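Peer 1: What follows is a single structure, and I will ask about it in a moment.
The values are calculated or read from the model by the stated rules, or taken from the named source; none is laboratory data. Owing to the predicted nature of the structure, the values given are computational and were not obtained by experimental measurement. Here the Cβ is made from the backbone with ideal geometry for all residues, glycine too, and neighbour counts use every protein chain on show.
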Amino acid sequence: AAPFLSVRDLYVRFGTEDGVVQAVDNLSFDLERGRTLGIVGESGSGKSVTNLAILGLHSPNYTKIAGEILLDGDELTGAREKDLEKLRGNKMAMIFQDPLTSLSPYYTVGRQIAEPFVKHTGASKREGRQRAIEMLAKVGIPQPTLRVDDYPHQFSGGMRQRAMIAMALVCNPSLLIADEPTTALDVTVQAQILDLLKDLQQEFGSAIILITHDLGVVANTADELLVMYAGRAVERGTVKEILTEPQHPYTWGLLGSMPRLSSSVDEPLTPIPGTPPSLLAPPSGCPFHPRCAFPAEVGGSRCQDERPLLAPGRAAACHLSPEQKHTLFTEKIKPR
Ligand code: SF4
Ligand code: MG
């Protein structure tokens, strides 16, 4: 059977005053129901752009999208806005980083949770309010019958994020896209929200795309990972494969800059040297070569000249041989 979500050779280009931004390049991945895919990378790596392409939220005037996005057999690239409207909030839903910008201050939390439900099911306002109370209870808001008529400013940051999740799940979407859903929250609340997402996934069976710059966030939440750099997927594997034996030098850098929650000592974080490249003029060859420590191991100017491709399945887009990847990681990178 075809995968529930299948993205094939996705390209996203933006026209800007300074030229064309190559925001996403040749991206392919699959996702099944009930599974969580973590998409990890620094800001500007193309993670959010990919998610907005799936949701059909890019302005067609400034954006060119090519490739295939198949959701449960429906082709989303080039779909009419009217058809996408029917899918958004219903079959696919999203949770963003900052609930304050996504929740309106002028309407009660309950009314906002009920809105997609009323819109997509034709339920009455009273039924919508009842559904909002149920959803508030599901996401762990105490006394939901009292809190349903509160305004967003009467909720704490963690409660607002729970309300956003309630709003996203109110129509039982089969695809949930969460873009940095816990970044604005403190560590304890982060863990609670991620646990909540996992519990709700069990109950609803949704496929989840979890977008983050923080490997720590996906470590306990995702099943598979896609590491993105400069608009391209550079490594793919299960969470276990990538956390125990990552194969791409960029992923090694991400791991090195990941705070170790288990460690009692304050270990210094090792940031990846340099900055992500401009996507107006991406580097030749391997997009990571200006920041990579290993082009000499590959030899010649191959890293500068030849673009490494990402093979299907467990893979990394890097010219190092499998033996080199293994040896360099275990001897030079692996945290002791
Ligand atoms: Fe580094 Fe070369 Fe591998 Fe790119 S292809 S990650 S530059 S070693
Ligand atoms: Mg982003």
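Peer 1: Determine the pairs where a residue that is touching a residue at least 24 places away in the same chain (Cβ under 8 Å) and part of a loop (DSSP other than H, G, I, E, B), located within segment 36-49, has a partner that is hydrophobic (A, V, I, L, M, F, W, C) and more than 9 Å from ligand 2 (Cβ to nearest atom) with Cβ atoms under 6 Å apart, the partner being 6 or more residues away or on another chain.
Peer 2: Close Cβ pairs satisfying both conditions: GLY41/MET228; SER45/MET228; GLY46/ALA23; GLY46/VAL24; GLY46/MET228.
Peer 1: Quick check: anything in segment 50-64 within 16 Å of ligand 1 (Cβ to nearest atom) and either surrounded by fewer than 19 Cβ atoms within 10 Å (Cβ to Cβ) or not aliphatic (A, V, I, L, M) (or both)?
Peer 2: no
Peer 1: May I pose another question? Go through (1) surrounded by 16 or more Cβ atoms within 10 Å (Cβ to Cβ); (2) among the acidic types (Asp, Glu); (3) farther than 15 Å from GLY89 by Cα one by one and return the number of the condition ASP149 breaks.
Peer 2: Condition not satisfied by ASP149: (1).
Peer 1: Of the numbered conditions (1) within 12 Å of ligand 1 (Cβ to nearest atom); (2) part of a loop (DSSP other than H, G, I, E, B), LYS325 satisfies every one except a single condition; which is it?
Peer 2: Single failed check for LYS325: (2).
Table: residues versus (1) over 19 Å from ALA114 (Cα atoms); (2) more than 16 Å from ligand 1 (Cβ to nearest atom); (3) surrounded by 24 or more Cβ atoms within 10 Å (Cβ to Cβ); (4) not small (Gly, Ala, Ser).
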site: GLN161; (1), (2), (3), (4): no, yes, yes, yes
site: ASN172; (1), (2), (3), (4): no, yes, no, yes
site: THR183; (1), (2), (3), (4): yes, yes, no, yes
site: VAL189; (1), (2), (3), (4): yes, yes, no, yes
site: PHE204; (1), (2), (3), (4): no, yes, no, yes
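Peer 1: If you don't mind, there's one more thing I want to ask. If the requirement is being away from ligand 2 (no atom under 16 Å from the Cβ), outside any helix (DSSP H, G or I), at pLDDT 95 or above and not hydrophobic (A, V, I, L, M, F, W, C), which of these qualifies: GLY274, GLY237?
Peer 2: GLY237
Peer 1: Mind telling me which of the residues GLN201, GLN190, GLN247 ends up being closer than 30 Å to GLU323 by Cα and in contact (Cβ under 8 Å) with a residue 24 or more places away in the chain?
Peer 2: GLN247
Peer 1: Pick out the one residue from GLU235, GLU241 that is buried (at least 18 other Cβ atoms within 10 Å of the Cβ), acidic (Asp, Glu) and more than 18 Å from SER48 (Cβ to Cβ).
Peer 2: Criteria check complete, one pass: GLU235.
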